[in-house]
1. Being touching a Lys or Arg at 6+ places or on another chain (Cβ under 7 Å) and more than 19 Å from residue 125 (Cβ to Cβ) is the filter; apply it to region 89-109 and report the residue that is surrounded by the most Cβ atoms within 10 Å (Cβ to Cβ).
2. Within region 44-88, track down each residue that is over 14 Å from the mean Cα position of the chain (by Cα), farther than 14 Å from residue 122 by Cβ and either assigned to a loop (DSSP other than H, G, I, E, B) or of a type in the set (Ser, Thr, Tyr) (or both).
3. Please report, ordered by residue number, the helices (runs of 4 or more DSSP H) entirely within region 244-343 with at least 3 residues that are of a type outside the set (Asp, Glu), over 30 Å from residue 94 (Cβ atoms) and touching a residue at least 40 places away in the same chain (Cβ under 8 Å).
4. Does region 155-172 contain any residue that is outside any strand (DSSP E or B) and farther than 20 Å from residue 137 by Cα?
5. Quick one: which residue in 191, 197, 244, 182 is at pLDDT below 95, assigned by TED's automatic domain parsing to the domain that holds residue 286 and touching a strand residue (DSSP E or B) at 6+ places or on another chain (Cβ under 9 Å)?
6. Since residue 259 meets every condition but one in (1) within 21 Å of the chain's Cα centre (by Cα); (2) at pLDDT below 90, which condition does it not meet?
7. Please work out which one of (1) over 21 Å from the mean Cα position of the chain (by Cα); (2) within 21 Å of residue 142 (Cα to Cα); (3) surrounded by 18 or more Cβ atoms within 10 Å (Cβ to Cβ) is the condition residue 340 fails and give its number.
Amino acid sequence: MIMKSDFMKGIVIFIAAILVFGAMAGVFYYFYFVKAGGDAPVKISSDTDIKGSINFVDIGSGMMNVKTESGDKNLAINNDTKLLDDNNNPVDIGFYQKGFDVEAKGVAGSDNSLKISEIKAISFPNIIILSPERGDLIGGNLIVRGKARVFENQFNIRIVSGGQPVYETSATSSAKDAGLFGDFLQTINIGTLNLSGSDFILEVFDKSAKDGSETNKVSVLLSVQAGDQVGVRVYFNNNKIDSGSDCGKVYPVSRVIQKTNRIGNATLEELLKGPTSKEKDAGYFTGINPDTRMNSPLSVDQNTGMAFVDFNEALESGVAGSCRVTAIRAQISQTLKQFSTIQNVIISINGNSTSTLQP
């Protein structure tokens, strides 16, 4: 009987020890990891559903930014994420575009990010204008850039001023197959148009093959830049338009500058300023160092169309690798080739062009 009593006492003591140890461990866990911010594997995630409109998609990183009622959310997409169109058909990430309304399911990793298990398109336009944006000031050239998914890739662009159409042209997207989005880029010289007032409307639309009615219309209200000014284009890379696989792929943005006899020089000065904050938010970036300056004015051989531009050593300071070299050359060359008198560009640094911007 005594042995049995001792045995029972031992069990009670053992259980009590476990309970005390567990309580102490819990207190330690709370004060060290939770209260003091230690590195414990604290579960902070929870199942989350969101709905919103896409601001941008970065295919390279698999990241999507969506505007919701509670603010912008970053959606992390991986190989296991189920991607669906509005009919629940599987698609790839390239299907989703700015302006699409989507709903997503996933696990919240923080207040502003969501690891996606499934994303579905709810609704989306067939014509998307990426630039210009509402309220933009437009000088000489209006650059219309976007994506379209229309019958036979054909659609129309129109300028309306004072309630009347003053310009209209057909345009074509680069879609590779029916039902897919394709890029388009159109430049319109509004200086040659009879615009009344300080505002005008850009309309991009499709025409029904059945009855010719206008469908999928997108309208953007714009303003005319008044005074002795002219619109030009400068070119930057963009990590939200493509994945960056082609380093020489650059995209135009509009600038309005004072009219000058040295329009090429003034445009290069705008390029050297780099993208604005608004343009950076849209994914534009430059490979040109911020301290880069031109040593002398741009010169152009009128017989050959060859332009010569000389920069200081900052142009290639710290520049390494063929990708960045290609990007810098493309930015400068495309910016200058918008002018009809320039066909090719030779870039030099302190007068040396043979070893300039070599990978």
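1. Taking region 89-109 as the starting set, the residues that turn out to be touching a Lys or Arg at 6+ places or on another chain (Cβ under 7 Å) are 97, 102-103, 106-107, 109.
After this cut, where a residue has to be more than 19 Å from residue 125 (Cβ to Cβ) as well, the list is 106-107, 109.
On the way: 106: 22, 107: 14, 109: 14.
By that ranking, first place goes to 106.
2. 44, 45, 46, 48, 69, 70, 77, 78, 79, 80, 81
3. On the way: elements: 263-273, 277-281, 322-337.
Result: 263-273.
4. Start the filter on region 155-172 by keeping residues that are outside any strand (DSSP E or B), which leaves 162-163.
Narrowing further to those that are farther than 20 Å from residue 137 by Cα: none.
No, because not a single residue in region 155-172 is outside any strand (DSSP E or B) and farther than 20 Å from residue 137 by Cα.
5. Numbers: 191 fails: assigned by TED's automatic domain parsing to the domain that holds residue 286; 197 fails: assigned by TED's automatic domain parsing to the domain that holds residue 286; 182 fails: assigned by TED's automatic domain parsing to the domain that holds residue 286.
Going through 191, 197, 244, 182 in turn, the sole match is 244.
6. Unmet for residue 259, out of (1) within 21 Å of the chain's Cα centre (by Cα); (2) at pLDDT below 90: (1).
7. Exception for residue 340: condition (3).
The rows are residues; the columns are (1) touching a Gly at 6+ places or on another chain (Cβ under 6 Å); (2) surrounded by 14 or more Cβ atoms within 10 Å (Cβ to Cβ); (3) without any contact (Cβ under 8 Å) to a residue 40 or more places away in the chain; (4) not aliphatic (A, V, I, L, M).
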{"site": "171", "(1), (2), (3), (4)": "no, yes, yes, no"}
{"site": "178", "(1), (2), (3), (4)": "no, no, yes, no"}
{"site": "200", "(1), (2), (3), (4)": "no, yes, no, yes"}
{"site": "210", "(1), (2), (3), (4)": "no, no, yes, yes"}
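The values are calculated or read from the model by the stated rules, or taken from the named source; none is laboratory data. Fair warning: this is a prediction, and the values are worked out from it, not measured in the lab. Cβ sites come from the backbone with ideal geometry, for glycine too, and all protein chains shown count toward neighbours.
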